[in-house]
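To keep things clear, I will list the structure first and then write my remarks on it.
The values are calculated or read from the model by the stated rules, or taken from the named source; none is laboratory data. Everything quoted here is computed from the prediction, not taken from an experiment. Methodologically, a virtual Cβ is constructed for each residue, glycine included, from the backbone with ideal geometry; neighbour enumeration extends over all protein chains shown. The protein model used for the area step is the full one, side chains on, heavy atoms only, and it has no ligands, DNA or RNA in it. Shrake-Rupley method; radii C 1.70, N 1.55, O 1.52, S 1.80 Å.
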Amino acid sequence: MINLSIDLETFSSVPIAKAGAYKYVQSSDFEILLMAYSVNGNEPAIIDLAQGETIPQWLNDAIRSPEYIKHAYNASFEWYCLSKFYNTVLPVDQWRDTMLHGLYCGFTAGLEATGKALGISAEKQKLTVGKALIRYFCIPCTPTITNGQRQRNLPKHDPAKWELFKTYCKGDVITEMEIDRKLSAFPVPDEIEKQWQTDLIINARGVAVDMDLVRGALQIGSSTREKLIQEGIEITGLKNPNSIAQLSKWLEAETNEAVPDLRKETVAAFLDNQAVAGDASRMLEIRQELGKTSTKKYDAIEAAVCDDGRVHGLLQFYGANRTGRWSGRLVQVQNLPRTYIEQLDVARTAVKKQQADMLRFYFGSVNDTLSQLIRTSFVAASGNKLVDADFSSIEARVISWLAQEDWRLEVFRTHGKIYEASASQMFGVPIDKIKKGNPEYALRQRGKVAELALGYQGGSGALITMGALKMGIPEEDLPDIVSRWRDANQRIVELWYKVENAAISTIQTGRQEGVNNLIFSREFDLANDLDFMTITLPSNRKLYYAHPELMTNQWNRPSINYLGVSQTTKQWARLETYGGKLVENIVQAIARDCLAIAIERLEAAGFPVVFHVHDEVVIDCPETQANLDKVIELMTMPISWARDLPLNANGWVGDFFRKD
């Protein structure tokens, strides 16, 4: 095979950050300006398409030829741009993504950030002026007297900058090749490459959108917000009653009580205070309504929908690189509000007809109803149905299987009532007594919150975070719940410490350690200053922890540290981990592998996936093919590397996306 590395610089009037790459490329004014390329790592060449240069025939042929493997950073963009350029869908199996290579090995996204994390020398990284050049040539400019009222900068407007831009484009190819070279000792497995190719197809396929619903929601949301703000002005006399500073000061004067903040919890507590009444109570209600950001995702859908009535590119493959799970793009389908109202059809019709009063009459809060209906913006294509299937309690099943917690596995192989079974184990009550109508049913809530909070070495704080206090469980009871759950799940507890000890031993000695079908290793490439702790999963996929070290924690015990992307700062930094957190990474990674296998099976069987969320797939297929039982059968078939993992799934068939 011949390696062909490519980088493109393009122009489009569509803002790519808001609208996404697919709408950007589909714009009528989309244009490839520059194409830099290198064959087998040789010095890059540049083709100046903006100034009339043409792609040589051998390169046209190479871009279509299976003998050439095409490499690019975020290769889905180059693939789609060139598919548009050649007016054909280029074969996805001929493409490799350098960004995926970095993500697979535990590095961050972004060409410049990845290069920096890998220690690529400055002259091999992007020029610091690159972003300014992109702003100058790749997006529309503001017409001014100085620039002759033009709306776009062309090469002729600044030839020196254009020459620098060409150098910058070639520099990207050099950085991309250097990243691949540095990581060559740690290749992306073929199976993961295939999953990336399937993901590319799913993103290009997109999902249909009900734009009548979206436009109706935006209109109702805007008018409702205006009315609330106007009412707030009339009540308070404030210029901006949605201002935290202005409203806090007004509320303190009105109630004679300190207002520390106006967060959701604080507002709710004030409203529960019977001493707060009249105008103050109404303003808190208005604040509560204004705080429900119900139209932002509708805005995102409107910005991203393409001329075919579909939103494309909703998923980021390997977006959560600690586990390999997907993350969301554009509309962020991974964190859509749930649907609780039963009469969804009534609500959707009222929104399409822009009948805010009907929404208020039937459902109370207009904003809350609009928020719930965001999911239902995604619909089946004409003549089709959506088939939705969701793995049941997948993380609880995986951790039970990994730890070989036998009583839990028996639950999942039979009735599946893990909350009741957990409460039964914790409190020594027969499970058949934990049912509605019996006093013992109150224990189910404790079993549920324990299951949701404690699997990854959490304590009382984790129970509080999961809502234990809001469920009415006294705080003084939380340590007892933690103790009982751990006593009932001793093999899971043992797994936390076995995993932590294996990681510490591997970092200290460099020797491999095996734990419950996992392999911990220390892997080096000294020539490129690369050092990883890896965890080989049952699927043979690896999790990478870069430059691991042992430090001492506050309890004077060994503490596992590595370099990764901080969840708070989003910067490359040294992070600390422990047994329970590593188990969480491992369990979520195995659950991700189960989903990836299910997606491949569904696609092979002719069930086209349009997007997926966590452990749930959404299929858009002809009504005659919408067979939920078959979809569930494919999702729950035994997996070759986990034949005794008890999988189950549930789902529905319908016209629009929802969450039961």
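If you line up the Cα atoms of the range 69-195 on their principal axes, what length do they span on each, largest first, in Å?
Result for the range 69-195: principal-axis Cα extents of 55, 38, 20 Å.
With the convex hull built on the Cα atoms of the chain, state its orientation-averaged projected area in nm².
Details: hull surface 139.3 nm².
The directionally averaged projection comes out at 34.8 nm².
If you take the C-alpha gyration tensor of the range 281-365, multiply each eigenvalue by 5 and take the square root, what semi-axes do you get, largest first, in whole Å?
Equivalent ellipsoid of the range 281-365: 30, 18, 13 Å, largest first.
Quick one: Cα convex hull volume of the range 425-477, Å³ per residue?
Each residue corresponds to 86 Å³ of Cα convex hull volume.
Debye sum, Cα scatterers, the range 214-320, no solvent: what log₁₀ I/I(0) at q = 0.10, 0.14, 0.24 1/Å?
Values, matching the q order: -0.41, -0.66, -1.28.
Sticking with the crude label model, points 7 Å out along Cα→Cβ, report the distance from Asp299 to Phe524 in nm, one decimal please.
5.2 nm
Volume per residue, Å³, of the convex hull around the alpha-carbon atoms of the range 226-280?
With only Cα atoms used, the range 226-280 gives 83 Å³ per residue.
What number results when the radius of gyration of the range 14-111, computed over Cα atoms, is divided by 2.2 N^0.38 Å?
Here the Cα radius of gyration is 1.13 times the empirical estimate.
Of Asp199, Asp644, which has the most accessible area and how do the rest follow, probe 1.4 Å?
Descending order: Asp644, Asp199.
Can you give me the Rg/Rh ratio for the range 363-468, using Cα atoms for both radii and the Kirkwood formula for Rh?
Using only Cα positions, Rg/Rh for the range 363-468 is 1.10.
Can you pull the Rg over Rh of the range 395-446, Cα-only, Kirkwood? Could you put the intermediate results ahead of the total?
Numbers: Rg = 11.3 Å, Rh = 11.3 Å.
Expressed as Rg/Rh, it is 1.00.
What base-10 log of the normalised intensity I(q)/I(0) is obtained for the range 318-393 from the Debye formula, alpha carbons as equal point scatterers, at q = 0.12, 0.13, 0.21, 0.23 Å⁻¹?
-0.47, -0.54, -1.04, -1.13
How many angstrom separate the Cα center of the range 601-659 from the Cα center of the range 177-206?
Rounded to whole Å, the Cα centres lie 24 Å apart.
Might you report the magnitude of the Cβ-based charge dipole of the chain about its Cα centre, with Lys and Arg at +1 and Asp and Glu at -1, to the nearest 20 debye? Before the final figure, lay out each step's value.
Numbers: 73 positive and 83 negative charges, 112 e Å.
For this selection, approximately 540 debye.
In debye, nearest 20: dipole of the range 276-334 around its Cα centre with unit charges on the Cβ of K, R (+) and D, E (-)?
380 debye
Considering the options Pro622, Leu647, Ala605, tell which one lies farthest towards the positive end of the dipole of the range 597-660, charges being +1 on Lys and Arg and -1 on Asp and Glu at the Cβ, about the Cα centre.
Leu647
Given a 1.4 Å probe and heavy atoms of the protein chains only, how would you sort Val346, Val609, largest accessible area at the top?
Val346, Val609
Report the Stokes-Einstein translational diffusion coefficient (µm² s⁻¹, integer) for the range 19-63, Rh taken as the Kirkwood radius over Cα pairs, at 20 °C with viscosity 1.002 mPa s.
The diffusion coefficient I find is 174 µm²/s.
May I ask for the distance between the Cα centers of the range 296-357 and the range 247-276, given as a whole number of Å?
If you average the Cα positions of each part, the centres end up 33 Å apart.
Taking the Cα centre of the range 384-484 as origin, work out the dipole magnitude from +1 charges on Lys and Arg Cβ and -1 charges on Asp and Glu Cβ, in debye rounded to 20. Spell out each step's value before the answer.
Details: 13 positive and 14 negative charges, 71 e Å.
My answer is approximately 340 debye.
Using 21 Å as the Cα-Cα cut-off, could you pick out the over-long pairs in Lys131/Lys156; Lys18/Lys194; Lys194/Lys630; Lys227/Lys470?
On the way: Lys131/Lys156 19 Å; Lys18/Lys194 28 Å; Lys194/Lys630 23 Å; Lys227/Lys470 32 Å.
The pairs that break the limit, which is 21 Å between Cα atoms, are Lys18/Lys194; Lys194/Lys630; Lys227/Lys470.
For Glu231, Glu549, write out the residues from largest to smallest accessible area, computed with a 1.4 angstrom probe and no ligands counted. All intermediate terms of the calculation are to be shown ahead of the outcome.
Details: Glu231 60, Glu549 80 Å².
Final ranking, largest accessible area leading: Glu549, Glu231.
Need the full-extension length gain, Val89 to Ala113, defined as separation in residues times 0.36 nm minus the C-alpha distance. One decimal, nm.
Taking 0.36 nm per residue and subtracting the Cα distance, the gain is 5.6 nm.
For the range 127-173, I need the span (max minus min coordinate) of the C-alpha atoms along each principal axis, in Å, sorted largest to smallest.
36, 16, 13
Report the full-extension gain for the segment Lys436 to Gln219: residue separation times 0.36 nm, less the Cα-Cα distance, to one decimal in nm.
73.8 nm
Taking every pair of Cα atoms in the range 610-660, average 1/r, invert it to obtain the Kirkwood radius, and report Rg/Rh to two decimals.
Using only Cα positions, Rg/Rh for the range 610-660 is 0.99.
What accessible area, in Å² to the nearest ten, does a 1.4 Å probe give for Arg522?
50 Å²
Taking the range 526-569 on its own, what percent of its Cα-Cα pair distances exceed 16 Å?
55 percent
Add +1 for every Lys or Arg and -1 for every Asp or Glu among the other residues with Cβ under 9 Å from the Cβ of Glu395, and state the total.
The answer is -1.
Once the convex hull of the alpha carbons of the range 186-250 is built, what does its volume come to per residue, in cubic angstrom? Show your work: numbers first, answer last.
Numbers: hull volume 10.5 nm³, N = 65.
Spelled out: Cα convex hull of the range 186-250, divided by residues, is 161 Å³.
Got a sec? Charge dipole of the range 29-153, +1 on Cβ for Lys and Arg, -1 for Asp and Glu; which of Leu82, Ala45, Tyr104 is way out at the positive end?
Checking the options against the dipole of the range 29-153, the answer is Tyr104.
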